[in-house]
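Visitor: This is the structure, below, for whatever I ask next.
The values are calculated or read from the model by the stated rules, or taken from the named source; none is laboratory data. Owing to the predicted nature of the structure, the values given are computational and were not obtained by experimental measurement. Heads up, the Cβs are rebuilt from the backbone with ideal geometry, glycines too, and the neighbour counts pull from every protein chain shown.
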Amino acid sequence: MEHELIAAVDLGSNSFRLQVGQVRGNQIYELDGIKETVRLGAGLGSDKQLDGVSQLRALSALSKFGERLRGFHPDAVRAVATNTLRVAKNGASFLVQAEAALGFPIEVIAGREEARLIYLGVAHTLPNPRQQQMIVDIGGGSTECIIGRNFKPLHLESLYMGCVSYSLRFFPNGQIDRKSFHEAELAAGQELQTIVNAYREAGWETAVGSSGTARAIADLLELNGFAEHGITRKGVDRLADALIRAGNVNHARLEGMRSDRTPVLPGGLAIMSAVFKAFDLEQMEFSEGALRLGVLYDLLGRNHHDDLREATVRHFQRRYGVDLAQAKRVEATALSLLRQIMPAANAPENDDAQFLSWAARLHEAGISVAHSSYHKHSAYILENADMPGFSRRDQARLARIVLGHRGKLERVQPLARDPVEWLLIFCLRTAVVLHRARDAHALPPIAAAATPKSYQLSVPAGWLAEVPLTAAALEEDARQWGGLGVNLKIRDRE
């Protein structure tokens, strides 16, 4: 389904942002934007629990966004959360309230997925994307570094350092001196050291900064005469000296100091200074592109049938040596069962059918690790590997479906609670049993139906007697489902 208006919601560690875009062909034109300074990262305690005050600020912001998004089709909105909700131990319970306030699902994305989306947004704003660019995006809780050319990222990294976390750690209450600034720079330099050699080897023609920290620094440098254009090494040093002389960021008398950026400026500046030193930069341009624009273009790609998740699944099939013929057989049978039981799955872009398809195509990925308990290895890969285009929630759902396709269902019971998810597990599990022979012989027509507490399979009369191994496997499956209080009936039909 294509939409004229699409929207992205970015739940950052410092700010929450909503951007509404108008689609014209393959381009997106910004129509409306809302920013709320939430500082969610500041509410993350040493125990990795989000405090109540920060949660209330976040829910208030999301309620405003929800009002603006009222009437939008679910497929036209994508909301993503970044570092703070990646690490918060009570993030899952907060997300339930957050989604209710916003009115749309919220995806917690992995660091490298965040980096990919940032690059996608920045690349659409660059004057010459054919050049090899290094993008640095200093967020509230993490910093993403990307090297790419055209619209393809070549190196993606997310480092655990941000303007909120570093400001709280090294500059409490805004206090800043040369020693604390040097310590923050040193800590950031140590994080960057893990990627410096690989990035220098890849090389870049232009360095670009994106998002709030880079914008704030670029504005301060130009407005105060510390740099003529963009961000420069000398300008960063002069700005740092000005803050250190003030002794407290709140006492600095500088043109362009914004109240929403002031508390997190020292941490962001220390990280930027470390970036310039680690990569030996003299100049960095600023780009208006950022995560939310990347989310919009990624959403546009999905609506135009250029879903990156499909490319990721194909890549994983190659990477893990999946038997493509077997995967295709299992996929076709699993989808046939699902579409009989749930007619909505016949729609071309049905979400549940997509997930079942991806799970079928990747259910044997774990064989590359070991054949014994390979379903557990497959599930681990799908939940923990970097899978561009998939959120962590998407990956967890794929992993649960794949984990349940063989072995004891009681292991999956604590994880899967959604009835539709159990249906997907049933369809994949049954398809795997039916194709145990791994040959090209076509299956006879098999009918499927379901009630809330039972599944039914109808097979041609006498067929089960011809395939005793399959019959025994189906009987075992009936015992497994029975252990969960679900009745699996297998009957002959005339």
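Visitor: Would a scan of the stretch 474-492 turn up a residue that is surrounded by 11 or more Cβ atoms within 10 Å (Cβ to Cβ), part of a helix (DSSP H, G or I) and over 40 Å from the mean Cα position of the chain (by Cα)?
Guide: No; the residues of the stretch 474-492 include none that is surrounded by 11 or more Cβ atoms within 10 Å (Cβ to Cβ), part of a helix (DSSP H, G or I) and over 40 Å from the mean Cα position of the chain (by Cα).
Let's see how each residue does on (1) under 27 Å from the mean Cα position of the chain (by Cα); (2) under 21 Å from HIS441 (Cβ atoms):
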{"residue": "LEU335", "(1), (2)": "yes, yes"}
{"residue": "ILE341", "(1), (2)": "no, no"}
{"residue": "TRP358", "(1), (2)": "yes, no"}
{"residue": "LEU362", "(1), (2)": "yes, no"}
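Visitor: Report, by residue number, each residue of the stretch 1-52 that is among the aliphatic types (A, V, I, L, M), part of a strand (DSSP E or B) and more than 20 Å from PRO74 (Cα to Cα).
Guide: Those that are among the aliphatic types (A, V, I, L, M), part of a strand (DSSP E or B) and more than 20 Å from PRO74 (Cα to Cα): LEU44, LEU50.
Visitor: Hey, could you check the stretch 364-380 for residues that are of a type outside the set (A, V, I, L, M, F, W, C) and outside any helix (DSSP H, G or I) and say which is nearest to the chain's Cα centre (by Cα)?
Guide: Looking at residues that are of a type outside the set (A, V, I, L, M, F, W, C) and outside any helix (DSSP H, G or I), I get GLU364.
Visitor: Regarding the stretch 391-398, can at least one residue be identified that is in a loop (DSSP other than H, G, I, E, B) and within 27 Å of ARG78 (Cβ to Cβ)?
Guide: Yes, the stretch 391-398 has at least one match.
Visitor: Continuing with this model, one more query. Name the residues in the stretch 146-170 that are under 19 Å from THR84 (Cβ atoms) and outside any helix (DSSP H, G or I), would you?
Guide: GLU157, SER158, LEU159, TYR160, MET161, GLY162
Visitor: Quick test for you: out of LEU362, LEU291, LEU335, LEU296, pick the one residue that is over 28 Å from ALA115 (Cα atoms) and surrounded by 15 or more Cβ atoms within 10 Å (Cβ to Cβ).
Guide: Checking each option against the conditions leaves just LEU335.
Visitor: On to the next question. Please tell me if LYS179 is assigned to a loop (DSSP other than H, G, I, E, B) and more than 25 Å from GLY289 (Cα to Cα).
Guide: When the stated conditions are applied, LYS179 does not pass them.
Visitor: Of these, ASN128, ASN197, which one is part of a loop (DSSP other than H, G, I, E, B) and surrounded by fewer than 16 Cβ atoms within 10 Å (Cβ to Cβ)?
Guide: Just a single option satisfies the conditions, and that option is ASN128.
Visitor: For the stretch 44-56, what are the residues that are crowded, with 16+ Cβ neighbours inside 10 Å and without any contact (Cβ under 8 Å) to a residue 24 or more places away in the chain?
Guide: Correct list: SER54 only.
Visitor: What is the number of the single condition among (1) surrounded by fewer than 18 Cβ atoms within 10 Å (Cβ to Cβ); (2) touching a residue at least 12 places away in the same chain (Cβ under 8 Å); (3) more than 17 Å from VAL322 (Cα to Cα) that ASN384 does not meet?
Guide: The failed condition is (2).
Visitor: Can you say whether ASN173 is at positive phi and either in a helix (DSSP H, G or I) or modelled with pLDDT of 95 or more (or both), as far as the supplied structure shows?
Guide: Answer is yes for this residue.
Visitor: Just a yes or no: is a residue in the stretch 253-266 in contact (Cβ under 8 Å) with a residue 40 or more places away in the chain, surrounded by fewer than 19 Cβ atoms within 10 Å (Cβ to Cβ), polar (S, T, N, Q) and under 21 Å from LYS35 (Cβ atoms)?
Guide: Yes, because at least one residue in the stretch 253-266 is in contact (Cβ under 8 Å) with a residue 40 or more places away in the chain, surrounded by fewer than 19 Cβ atoms within 10 Å (Cβ to Cβ), polar (S, T, N, Q) and under 21 Å from LYS35 (Cβ atoms).
Visitor: If you take the residues in the stretch 228-252 that are touching a Ser or Thr at 6+ places or on another chain (Cβ under 9 Å) and within 17 Å of VAL208 (Cα to Cα), which one is surrounded by the fewest Cβ atoms within 10 Å (Cβ to Cβ)?
Guide: ARG233
Visitor: Which pairs turn up if I take residues in the stretch 74-90 that are under 24 Å from ASP32 (Cβ atoms) and look for partners that are hydroxyl-bearing (Ser, Thr, Tyr) and buried (at least 23 other Cβ atoms within 10 Å of the Cβ) with beta carbon separation below 7 Å, at least 6 apart in sequence or on another chain?
Guide: Between residues of the stretch 74-90 that are under 24 Å from ASP32 (Cβ atoms) and residues that are hydroxyl-bearing (Ser, Thr, Tyr) and buried (at least 23 other Cβ atoms within 10 Å of the Cβ), the close pairs are THR82/SER13; THR82/SER142.
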